[in-house]
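For reference, the structure is listed below as structure tokens.
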Amino acid sequence: MSDNNEKKVHGIVAEYESVDSLLNACRRVRDAGYKKTDAYTPFPVHGIDKALGIKPTVLPWIVLGCGLTGTVTALVMQIWMNSIDYPYIISGKPYISLPAFIPVAFELTVLFSSFGAFFGMWALNGLPRLSNPLFTDPRFDRVTDDRFFLYVDASDDSYDEKAVREIYEQTGGEHINNVLNDDSSDKIPKPIFMAWGLVIAASVIPLLIVLKMRVTNSDQPRFHIFYDMDFSPAKDAQQGSTLFADGRAMRPDVPGTVARGDSNYDMNFMTGVEIDKLSATDAPRAERLVRLSNGPIGPQDENAAPAGEESDQGSDESNAASGETTKDTTPWLTSNPLGNSKEVLLQGEKYFGIYCSVCHGMNGGGNGLVNRRAQKILSQTWIPPSSLHQESLYSNQYPDGKLFSTISNGIRKMPGYAGQIKAEDRWAIVAYVRALQLSRNANIDWIPEEKRAEILETQESVQQKLLEEAKAEEQPQDAAAEK
């Protein structure tokens with residue numbers, strides 16, 4: 001081991017007994033032009049950064065840059081995935097829907113910012129440092145107890161050992177010592193490398209297992225890390241349960257409970273049925289409709305079918321078992337209570353796109369994304385949704401009230417949406433469906449005169465373009481036939 005005189009001097013340190021004397025020394029060192037300095041205290045000292053002349057850190061700018069990078073990365077990733085590589089409509093939203101992209105953008109912004117703050121702090125502070133030359137001074141241990149230390153680095157451009165000692169002495173510094181090089185090795189111990197290697201090797205094992213499972217088949221059951229999450233006691237719709245006496249997991253609405261905002265509507269609006277006319281011909285059924293919507297009336301009939309089921313809708317469909325056809329005598333509302341204003345149609349278009357288009361398609365033709373997916377995978381249990389443009393669903397055969405009831409209570413594989421869509425919005429959907437149906441049989445006379453010429457010109461240009469494309473396709477075929 002070499003002598004102290006042969007060791008490299010890293011700087012000079014002085015010990016102070018009070019905060020005031022330390023701050024005074026910091027100001028003197030700063031004013032003398034020294035920049036590579038540092039102060040060590042047993043507790044935070046307000047104003048010490050300014051006293052040392054330490055400039056604001058650039059770490060916030062690093063965090064800002066990383067955060068913006070995370071935001072841009074998230075937006076580009078989602079736009080590419082949802083709009084270019086695999087276009088998919090979710091709840092009627094457009095392919096590029098910035099509000100829907102906000103959660104992922106927020107998460108990546110926070111993640112990238114955290115990485116920037118963590119690794120940026122390490123880089124700016126020159127970490128990791130396994131040793132500090134100050135640790136060679138045995139008095140430096142008191143910095144965690146009751147002493148304050150001021151250090152000036154020897155690599156400072158203005159460093160002058162004699163001048164620094166004079167400042168320390170004039171400001172009350174004690175035990176002024178040179179900070180010498182540490183004798184300990186600056187190399188990372190081999191056991192740490194070995195530990196890192198083991199951790200990296202162990203982290204590859206789960207990845208290899210996942211890759212193997214993706215390309216192989218097994219007759220063994222899955223290994224469930226979180227058993228209660230894979231087998232949750234929660235029940236899905238239409239499942240049975242032994243918890244309730246009726247054996248059903250789904251619980252009916254509490255009698256007498258009306259959703260906020262729906263109490264102002266009458267029974268005709270809430271059911272799509274003219275209750276007064278129904279009461280005259282089928283009083284028990286009318287009573288059940290009123291009971292389920294506005295609370296119990298009279299004795300409860302446990303065997304009564306809920307409103308909206310086949311018995312209440314009076315289906316015209318034939319009974320396959322008996323071969324008989326039941327006539328629908330339900331006095332459905334024949335007109336939409338909301339009317340057909342522009343506001344109602346826009347409202348209906350919005351909710352149709354969110355709830356109905358995934359099966360029925362945006363144009364109501366019955367070929368939505370879910371139906372196309374079912375056909376692609378050749379689903380054996382899928383029942384294709386009806387086209388809303390078939391004549392049996394027009395208003396003259398399928399009244400507005402019946403269409404409202406179908407939306408509310410469901411039919412065949414289609415679930416009821418009364419619990420998801422407000423009654424007013426369901427009527428708006430009915431209005432929009434009627435508009436879609438009319439659009440298939442539109443007449444030019446329905447168009448205002450000032451718009452007819454523009455539409456006819458557009459129609460002629462489209463027809464001309466189609467003819468030109470057809471001719472262009474025929475020419476190569478004719479040339480090939482001549483050869």
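Listed here are the residues, each with its yes/no results for (1) of a type in the set (Val, Ile, Thr); (2) modelled with pLDDT under 90; (3) more than 59 Å from the chain's Cα centre (by Cα).
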site	(1), (2), (3)
Ile176	yes, yes, yes
Leu180	no, yes, no
Ser185	no, yes, no
Trp196	no, no, no
Val199	yes, no, no
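Answer yes or no: is there a residue in segment 118-140 that is loosely packed, with under 15 Cβ neighbours inside 10 Å, under 14 Å from Tyr40 (Cβ atoms) and at pLDDT 85 or above. Yes, some residue in segment 118-140 is loosely packed, with under 15 Cβ neighbours inside 10 Å, under 14 Å from Tyr40 (Cβ atoms) and at pLDDT 85 or above. Inside segment 18-52, residues that are assigned to a strand (DSSP E or B) and β-branched (Val, Ile, Thr) make up a count of 1.
With respect to the stated conditions, Leu59 is hydrophobic (A, V, I, L, M, F, W, C), modelled with pLDDT of 90 or more and under 30 Å from Asn24 (Cα atoms).
Filtering segment 373-420 to residues that are under 28 Å from the mean Cα position of the chain (by Cα), surrounded by 12 or more Cβ atoms within 10 Å (Cβ to Cβ) and of a type in the set (D, E, K, R) leaves only Arg373.
Annotation note: Cβ proximity below 7 Å between a residue of segment 48-76 that is farther than 21 Å from Leu98 by Cα and a residue that is β-branched (Val, Ile, Thr) and part of a helix (DSSP H, G or I) (sequence gap 6+ or interchain) occurs for no pair. Scanning segment 210-228 for residues that are in a helix (DSSP H, G or I), under 29 Å from the mean Cα position of the chain (by Cα) and surrounded by 10 or more Cβ atoms within 10 Å (Cβ to Cβ) yields Leu211, Met213.
Restricting attention to segment 362-375, the residues that are outside any loop (DSSP other than H, G, I, E, B) and without any contact (Cβ under 8 Å) to a residue 24 or more places away in the chain total 6.
A quick yes/no check of all residues on (1) farther than 30 Å from Ala39 by Cα; (2) touching a Ser or Thr at 6+ places or on another chain (Cβ under 6 Å):
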position: Ile62; (1), (2): no, no
position: Leu68; (1), (2): yes, no
position: Thr71; (1), (2): yes, yes
position: Met81; (1), (2): yes, no
position: Tyr86; (1), (2): yes, no
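Taking the conditions (1) touching an Asp or Glu at 6+ places or on another chain (Cβ under 9 Å); (2) over 25 Å from Ser158 (Cα atoms) in turn, Leu52 satisfies each one other than (2). Pick from segment 148-168 the residues that are touching a His at 6+ places or on another chain (Cβ under 9 Å) and part of a loop (DSSP other than H, G, I, E, B): which of them is nearest to Arg28 (Cα to Cα)? Result: Ala154. Within the set Lys35, Lys55, Lys93, the sole residue that is among the basic types (Lys, Arg) and loosely packed, with under 12 Cβ neighbours inside 10 Å turns out to be Lys55. The set of residues from segment 382-401 being within 15 Å of Thr330 (Cβ to Cβ) and not in a loop (DSSP other than H, G, I, E, B) comprises Asp400, Gly401. The single residue among Ala163, Ala105, Ala154 that is modelled with pLDDT of 85 or more and within 30 Å of Thr71 (Cα to Cα) turns out to be Ala105. Could you check, for segment 115-128, whether at least one of its residues is touching a Lys or Arg at 6+ places or on another chain (Cβ under 6 Å), part of a helix (DSSP H, G or I) and not assigned by TED's automatic domain parsing to the domain that holds Cys356? No, every residue in segment 115-128 fails to be touching a Lys or Arg at 6+ places or on another chain (Cβ under 6 Å), part of a helix (DSSP H, G or I) and not assigned by TED's automatic domain parsing to the domain that holds Cys356.
Evaluation of Val76 against the conditions (1) touching a helix residue (DSSP H, G or I) at 6+ places or on another chain (Cβ under 8 Å); (2) farther than 15 Å from Ile167 by Cα; (3) among the β-branched types (Val, Ile, Thr) shows that the sole unmet condition is (1).
In summary, Thr458 fulfils each of the numbered conditions (1) part of a helix (DSSP H, G or I); (2) polar (S, T, N, Q); (3) under 21 Å from Leu345 (Cα atoms) with the single exception of condition (3). Taking every residue in segment 376-395 that is free of Cβ contacts under 8 Å to residues at least 40 places away in the same chain and pairing it with any residue that is part of a loop (DSSP other than H, G, I, E, B), at least 6 positions away or on another chain, the pairs with Cβ-Cβ distances below 6 Å are Ile383/Arg412; Ile383/Lys413; Pro385/Gly366; Ser386/Gly366; Ser387/Gly365; Ser387/Gly366.
The values are calculated or read from the model by the stated rules, or taken from the named source; none is laboratory data. Remember, predicted model here, so these are calculated numbers, not experimental data. FYI the Cβ positions are ideal-geometry reconstructions off the backbone, even for glycines, and counts take in every protein chain you see.
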